[in-house]
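These notes concern the structure reproduced below.
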Amino acid sequence: MTNNRAVAYTGNGGVTVKDIEFPELVLKDGPGVNPQNVGRHCDHGVILKVVSTNICGSDQHMVRGRTTAPEGLVLGHEITGEVIDTGRDVEFIKKGDLVSVPFNIACGRCVNCKEQKTHICLNVNPDRPGSAYGYVDMGGWVGGQAEYVMVPYADFQCLKFPDKDEAMDKMLDLTMLSDIFPTGFHGAYTGGVKIGSTVYIAGAGPVGLAAAHSAQLLGASVVIVGDLIEERLQQARSFGCETINISEHDDISEQIDQILGVPEVDVAVDCVGFEAHGHDHQEAPATVLNSIMKATKAGGGLGIPGLYVTEDPGASDEDARRGSLKLDFGLGWAKAQTFVTGQTPVMKYHRGLMMAILKEKAQIAKAVNATVISLEDAPRGYEEFDSGVAKKFVLDPHGLLKN
Ligand SMILES: NC(=O)c1ccc[n+]([C@@H]2O[C@H](COP(=O)([O-])OP(=O)(O)OC[C@H]3O[C@@H](n4cnc5c(N)ncnc54)[C@H](O)[C@@H]3O)[C@@H](O)[C@H]2O)c1
Ligand SMILES: [Zn+2]
Ligand SMILES: [Zn+2]
């Protein structure tokens, strides 16, 4: 049956919306599916009617050809939906439940999952620890930028919203629980933001804005956001952040000094990743990491949700092509800084952040300028997002959302 529509990578810098198979509780062969995952039964899974699914900067790395993602890969790891079918082994999640799906796929049974390290589950991706829907090298779980999607390990993974009507009213906020709100929060929290902290956030994309809002929720006294795109910096200022335009200033420490009276912050968060650009708009994959080591105090923390890769076919030099960057690591070592990297263990944070949304302590949709478009409009959404607009695009496959 091909009665499902989904966003797929076309292999040439674009995406298309096409017919795909209606999901079943088994992982079938397809673009990017690891052979060892083909035929994997998911009686612990559910089928979701997708209510909202967001476009992410992580998708853009693939669509820009900066990974080895295969043509035809069905994209989408930020998924919220209504359960329409449950597998034999699902005990507690029920048909009709409205749930947020963590973008990491995790079994709940391995040693890492038992330690809440669901971002490096050992049982879901034969290539390496950790997995995600619709992502290169992540085992081949079919993406959720679609009308329908299969979610394995449902009892463990799904976060059920307590009240469906209330959840539908707040869906533009709740849709951010599948990735960017926990991710921004993780960056700020693991960097060590606490009451009174001064914080620098590199990147004013949706993850950077989510980290900035999270730093405010954690009690930061000053949050400074840097980017090269003025429109995105304006968005950061709209909810009380200070900003640094990197294209006008090549030394963030000087700018931090102007704002704080000292050239270092307590905590910095890299929400840019390996496609970082320098002051001159040239690609410089280590620039954010090096500048935040310099601009963070001795003993300070660096949260690094920005994505770094082991293979970058589009890199400008041979080292960067295999993910090897020119880091001032001695500086970070000498300053005894702490680094936290990797995917976000979404399940550590999603319930608490859901409560903060439901009780109106957090305004994440406003911070990231959540913008609803139809599934069929996804190619335009990808293009606009890539041009640097200050919007977080939320796809609405069944026309259920209010803008
Ligand atoms: N760790 C995780 O689990 C996780 C989850 C989601 C996203 N991510 C990653 O987080 C990063 C950000 O995601 P996004 O959706 O906000 O992407 P995005 O591409 O929209 O935002 C990145 C921003 O960084 C800016 N930038 C480039 N060079 C810069 C520099 N030197 N200083 C400051 N800003 C600079 C860009 O102009 C852009 O606005 C991506 O690498 C994404 O893959 C990681
Ligand atoms: Zn994402
Ligand atoms: Zn596991």
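A compact table of results
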{"read-out": "Most mobile of ARG66, ARG232, ARG109 in a GNM of the chain (Cα contacts under 10 Å)", "value": "ARG109"}
{"read-out": "Per residue accessible area of the chain, 1.4 Å probe, in Å²", "value": "40 Å²"}
{"read-out": "Packing-based ranking, highest mean first, of 370-376, 162-168 given that Cβ atoms within 10 Å are counted", "value": "370-376, 162-168"}
{"read-out": "MRE, 222 nm, helices only [DSSP H, n ≥ 4, -39500 (n - 2.57), over the chain, to nearest 500]", "value": "-7000 deg cm²/dmol"}
{"read-out": "Relative packing of 192-205, 356-369, which averages over residues the other C-beta atoms within 10 Å, highest first", "value": "192-205, 356-369"}
{"read-out": "Size of the chain as Cα extents on the principal axes (Å, biggest first)", "value": "61, 49, 42"}
{"read-out": "Residue-wise HN-Hα coupling along region 143-151, computed from phi with Karplus coefficients 6.51, -1.76, 1.60 (Hz; x: Gly, Pro)", "value": "x, x, 7, 7, 6, 9, 8, 9, 10"}
{"read-out": "Charge dipole (the chain, unit charges on Cβ, about Cα centre) - positive-most of TYR308, ASN3, GLN116", "value": "GLN116"}
{"read-out": "Spatially proximal lysines relative to LYS194 (Cα-Cα < 26 Å; intrachain offsets below 8 disregarded)", "value": "LYS117, LYS294, LYS297, LYS335, LYS348, LYS359, LYS361, LYS366"}
{"read-out": "PHE22, PHE329, ranked by accessible area, largest first (probe 1.4 Å)", "value": "PHE329, PHE22"}
{"read-out": "Packing rank of 241-249, 111-119, where each peptide gets the mean count of other beta carbons within 10 Å, highest leading", "value": "241-249, 111-119"}
{"read-out": "Average Cα contact separation per residue, the chain, under 8 Å, 6 or more apart, as relative contact order %", "value": "18 percent"}
{"read-out": "Check: region 205-261 dipole with +1 on Lys, Arg Cβ and -1 on Asp, Glu Cβ, in debye", "value": "360 debye"}
{"read-out": "Selected from ALA336, ALA320, ALA69 as most flexible by GNM, with the chain as the system and alpha-carbon contacts under 10 Å", "value": "ALA336"}
{"read-out": "Protein accessible area in the chain, 1.4 Å probe - carbon and sulfur %", "value": "49 percent"}
{"read-out": "Cross-link partners of LYS94 among lysines (Cα-Cα below 19 Å; sequence separation of 8 or more within a chain)", "value": "LYS49, LYS160, LYS164"}
{"read-out": "Fluctuation leader among ALA315, ALA154, ALA295 - the chain, Gaussian network, Cα springs under 10 angstrom", "value": "ALA315"}
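The values are calculated or read from the model by the stated rules, or taken from the named source; none is laboratory data. Everything numeric here is computed off the predicted structure, so don't read it as measured data. Heads up, the Cβs are rebuilt from the backbone with ideal geometry, glycines too, and the neighbour counts pull from every protein chain shown. Side chains included, ligands, DNA and RNA excluded: accessible areas come from the protein's heavy atoms. Shrake-Rupley method; radii C 1.70, N 1.55, O 1.52, S 1.80 Å.
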